Each structure stands twice: as C-alpha cells, then as structure tokens.
Amino acid sequence: MKIPQYIYALLISGAAFHTPLHATDLMGIYREALEQDAQYSAARAAHQAAQEKLPQGRAGLLPTITLAGVRRRQYIDIQSVTTGIGTGTGTGVRPPEVVIDNTSITITATQPIYRKENFVIYEQSKLQVAQADSQFIIAAQELILRVAQAYFDIQLALINVEVAEAQKRAIGEQLAQAKRNFQVGTATIVDTHEAQARFDLALSQEIAARSDLEVRKRALQQIIGRLPDDLTRPNENFPDLLNLKYANMQDWINVAEQNNLALKVQQSVYEIAKQDVERAKAGHYPTLDLVALYSDQRGVGGTITGRPIDLTSKEIGVQLSFPIFQGFAVQSRVREALATQEKVFQDLNNTRRNSVLQVSQQYLNVTNGIAQVKALRQAVTSSQSQVDSTKLGQEVGVRTEVDVLNAQQLHYSARRDLAQARYNFLMSKLRLEAEAGELDEEDLRQINEVLAKGSAFGVSSSNGQDPSSVSHVQ
C-alpha cells in the first residue's frame with residue numbers, strides 16, 4: 001500500500017459525497033459514513049492539521065526578516081545657557097523649548113547557518129507527517145470496520161426478529177391445535193398449558209429481538225446521522241466465503257510486519273524519540289547565524305546635542321554563540337530523552353508482538369469460520385428435514401406436538417447460528433486485512449457484491465485449496 005496515494009483517494013472519496021445519500025446497501029452506507037461520521041471527520045481534520053508540521057519545521061532553516069519602525073516627538077527644555085563668557089559678565093539665558101520629530105526604520109535579516117536543534121526539529125516534522133498519514137489510514141480502516149459491524153448487526157437483528165416471529169407463529173398454531181384437541185377430549189389440559197407457556201416465551205423473545213433491532217439501528221445512526229430504515233437485505237443464499245490473499249498464517253504475519261499501520265505509527269514515535277535525544281544534546285552545540293541589518297534614523301541625538309541628527313547604518317556579519325553553563329539543564333534533558341526513548345522502544349516491541357498475535361487470531365477466526373459456516377449450513381438443511389419428518393410422524397401418531405415444537409426450535413436456532421457465523425466470518429476477514437495493513441474500499445466492495453449474489457455456496461482460496469482444510473499453522 002502506497003500511503004500518500006491511498007490518503008489522496010480517501011480525501012477524494014470524502015469530498016465526492018458531500019450530499020448525504022440515502023443508500024441501502026453496504027457500500028452506500030459506507031459512502032454516506034465518509035461524509036457524515038463525526039469520528040472520521042475529526043480524524044480527517046487532524047490529518048490536515050498535522051500536515052502543517054512540515055512547513056513549521058522547515059521554517060527553522062529559512063531566514064527571518066523583521067521590520068521595526070518608531071516615530072516619536074521629543075520636547076527638549078534647556079534650563080539656561082551662559083552668555084558673555086570671557087567678558088566677566090556671564091549671565092544665564094533660558095532658550096526656547098526645542099521640538100524634535102524622531103523616526104527610525106530598522107530591517108533585520110537572520111539566516112541560520114548552523115543550529116543543530118533546528119535541523120533536528122525539521123527531521124522530526126517529517127516523521128510527524130508520516131505518523132499522521134498512518135493514523136489517518138487507521139481511522140479510515142476503523143470506519144470500514146465500524147460500518148460493516150453496524151450493518152451486519154442490523155442484518156442479524158432482522159434475522160432474529162424473523163426467527164422470533166416464525167417461532168411465535170408456529171407455537172401459536174400448536175397452541176390453537178392443543179386447545180381444540182382439549183375441547184374434543186383428545187388432549188389433556190397439561191398439553192394446553194405447556195403450549196401456552198411456550199407461546200408466552202416466544203412472545204417475550206420476539207419483543208427482545210425487536211428491541212435489539214432498534215438498538216442496532218441507533219448504533220448505525222450514530223455513524224451516518226440518520227435512522228437506517230431502508231437497508232437492502234442480502235440474499236440468504238449468498239456465497240459465504242471469499243478468496244484469501246495469502247495462503248497461510250506466516251504469510252499474513254510477514255505482510256503485517258511490513259504494513260501494519262499501528263506498527264508504522266509506533267515506529268514513527270520511536271524515531272521521533274530518537275530525534276528528541278539529539279535535540280536535547282543540541283543544547284551543548286554552538287549556533288552560527290548570518291545577520292544583516294539596515295537602519296535609517298531621522299532626528300536622533302537631540303537629547304544630548306539639542307539638534308536632530310540623521311543616521312543611516314548598514315551591517316552584515318556572522319554571530320557565533322557558545323553555550324557554556326546552563327545549570328546542568330541540558331544534561332538532565334538528555335537523560336530524560338534517553339529514558340523516554342527506551343520506553344518508546346519497549347512500546348514498539350509490544351506493538352510488534354501484539355500485531356503478530358492479532359493476525360494469528362484473526363487468521364484462525366477466518367479459517368475456523370469457514371468450517372463453522374459449512375457445518376451450520378448443513379445443520380440448517382438437516383434440521384429442516386427433521387421438522388418435516390417430525391410433522392409427518394405427528395400425522396401418523398408416532399410423534400407429539402412437543403416433538404414438533406422442539407424440531408422447529410432447533411431449526412430456527414440453526415438458521416440464526418448460520419447467519420451469525422456468516423457475519424462473524426466476514427468481519428474476521430476484514431479485521432485480518434486491517435491487521436495486515438491492506439484493508440481498503442475494495443475489500444468492502446467485494447463483500448457488498450457477494451451479499452447481493454444468490455449463487456450457490458462456494459469455497460476457494462488464493463492457491464486453489466479449500467481454506468477450511470488449512471490446518472497447518474506456522
């Protein structure tokens with residue numbers, strides 16, 4: 001992933017959808033979130049602010065020019081002037097007050113020639129911009145994950161509501177039949193009470209499912225700024241499994257060691273800490289500047305001579321400063337920077353190890369999710385067959401109503417578990433891509449296309465093998 005191009009694409013994406021779109025599918029919700037999500041907008045503004053670190057750091061290497069102007073009026077009152085000196089008749093004469101208008105303009109230009117601290121600050125500004133780039137991409141990937149999770153949560157909540165409704169409807173039919181059988185004397189009151197209890201429990205489950213659906217909608221509303229009331233429902237037979245970019249866990253770990261964005265951020269922090277040590281040591285180094293000055297003064301010297309004098313001066317030279325003693329402050333700052341560098345280095349090691357752990361966990365979640373989805377898909381088919389055969393057995397008198405209800409509940413649970421496993425697998429795949437530093441819009445678009453398909457269940461991997469059969473973990 002080339003970070004500058006990726007950031008440019010993100011900024012263009014955010015600007016392209018200025019008008020909120022009431023889209024219904026996963027990509028539509030994502031595009032809307034690019035513009036409406038407050039957390040992502042804050043990250044985008046923080047990234048823009050961080051770009052100014054570079055010109056600020058470069059400023060310490062460029063010349064500074066200052067212009068100072070002064071205009072004032074002096075009132076000079078001479079008390080007395082002795083006259084007649086040499087004749088023996090000297091007398092004191094008070095001359096009139098003298099008014100002098102004084103103006104001056106001074107231009108000073110300073111060009112740093114050698115300031116070690118300024119060079120260090122400039123290098124740090126480059127690292128800070130690189131760090132901000134990685135943090136912005138992390139925010140973009142987190143937006144993808146948050147949108148996908150909220151979208152999948154709503155879809156799963158909708159399935160839970162449908163399952164609860166179907167379960168309540170089936171139990172309601174059994175309750176009505178139990179009441180009829182009791183009236184004609186073919187069933188006991190116990191059967192009726194048991195069916196009523198199951199119906200009441202199913203009703204409470206439906207209420208809870210509807211409440212959870214509203215909560216999930218509000219979670220997505222926080223991201224896109226509106227209540228999502230028009231989401232597209234994925235086809236129930238969409239293909240659950242997508243291609244993996246790399247064949248085994250070690251390949252994913254190797255990619256993460258190169259591209260993991262949290263690792264890149266921490267690496268930048270460590271490099272900045274190393275530069276902080278050099279910056280602290282710069283307190284021992286001399287500074288050398290080229291200084292030029294131009295001064296034009298009008299009406300100066302009146303306080304002494306009583307008459308205005310015009311002066312123009314031009315100066316150019318170098319200014320060399322040697323720090324000699326600063327109360328041991330520089331040594332203290334160096335020790336502080338070294339300790340901070342060691343702390344950041346250990347944080348970097350921890351981030352690297354955590355990256356390996358997260359990649360391993362998400363890879364296992366993906367591969368195990370593949371097997372779980374396949375098993376639950378078969379479980380749904382088997383439980384449906386069980387329901388059909390149990391109903392047939394009830395008609396011929398070898399199965400009871402309780403047996404039918406139990407079979408139906410097992411089927412509903414299998415459908416719900418299959419949906420949960422499907423969305424868990426998709427989220428694990430997205431998280432695996434994020435941990436490897438390769439999650440982008442294309443991954444979300446691929447999932448969106450898969451959700452819209454109704455093709456048969458398929459399994460494939462990058463090397464042509466069944467991912468569920470990958471058991472070798474390196």
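The values are calculated or read from the model by the stated rules, or taken from the named source; none is laboratory data. Given the structure is predicted, the values throughout are model-derived calculations rather than measurements. Cβ: placed from backbone, ideal geometry, glycine included. Neighbour counts: every protein chain shown. With ligands, DNA and RNA removed, areas are computed over all heavy atoms of the protein, side chains included. Shrake-Rupley method; radii C 1.70, N 1.55, O 1.52, S 1.80 Å.
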Net charge (Lys, Arg +1; Asp, Glu -1) of residues whose beta-carbon lies under 11 Å from that of Asn102, Asn102 excluded, is +2
Give me the accessible area of Lys391, 1.4 Å probe, in Å² rounded to the nearest 10.
90 Å²
From most to least accessible, 1.4 Å probe, no ligand or DNA/RNA atoms counted, Asp440, Asp77 line up as Asp77, Asp440
Of all accessible surface on the stretch 106-210 at a 1.4 Å probe, what whole percent is carbon and sulfur?
57 percent
Gain in length, Glu395 to Lys343, computed as 0.36 nm per residue apart minus the alpha-carbon separation, to one decimal in nm?
11.3 nm
I want the local charge near Leu62. Using Cβ-Cβ distances under 14 Å, sum +1 for each Lys or Arg and -1 for each Asp or Glu among the other residues.
+1
Sort Ile272, Ile65 by heavy-atom solvent-accessible area, probe 1.4 angstrom, most to least.
Ile65, Ile272
Per-residue accessible area for Val215 at 1.4 Å probe radius, Å² rounded to 10?
90 Å²
Would you list Val359, Val402 from the most to the least accessible area, probe 1.4 Å?
Val402, Val359
Reported to the nearest 10 Å², Val269 has, with a 1.4 Å probe, an accessible area equal to 40 Å²
Place a label point 7 angstrom from the Cα of Leu145 along the Cα-to-Cβ direction, then list the residues of the stretch 343-375 whose backbone nitrogen is under 11 Å away.
358-359, 362
With every protein chain kept in place and a 1.4 Å probe, the stretch 152-238 has an accessible area per residue in Å² of 53 Å²
FRET E, pair Glu315, Gln258, Förster distance 51 Å, beta-carbon r, rounded to 0.05:
0.40
From the cross-link list Lys245/Lys374; Lys391/Lys453; Lys374/Lys429; Lys126/Lys281, the entries with a Cα-Cα span beyond 25 Å are Lys391/Lys453
On full extension of the chain, what length is gained from Arg72 through Glu442, given 0.36 nm per residue of separation minus the C-alpha to C-alpha distance?
126.3 nm
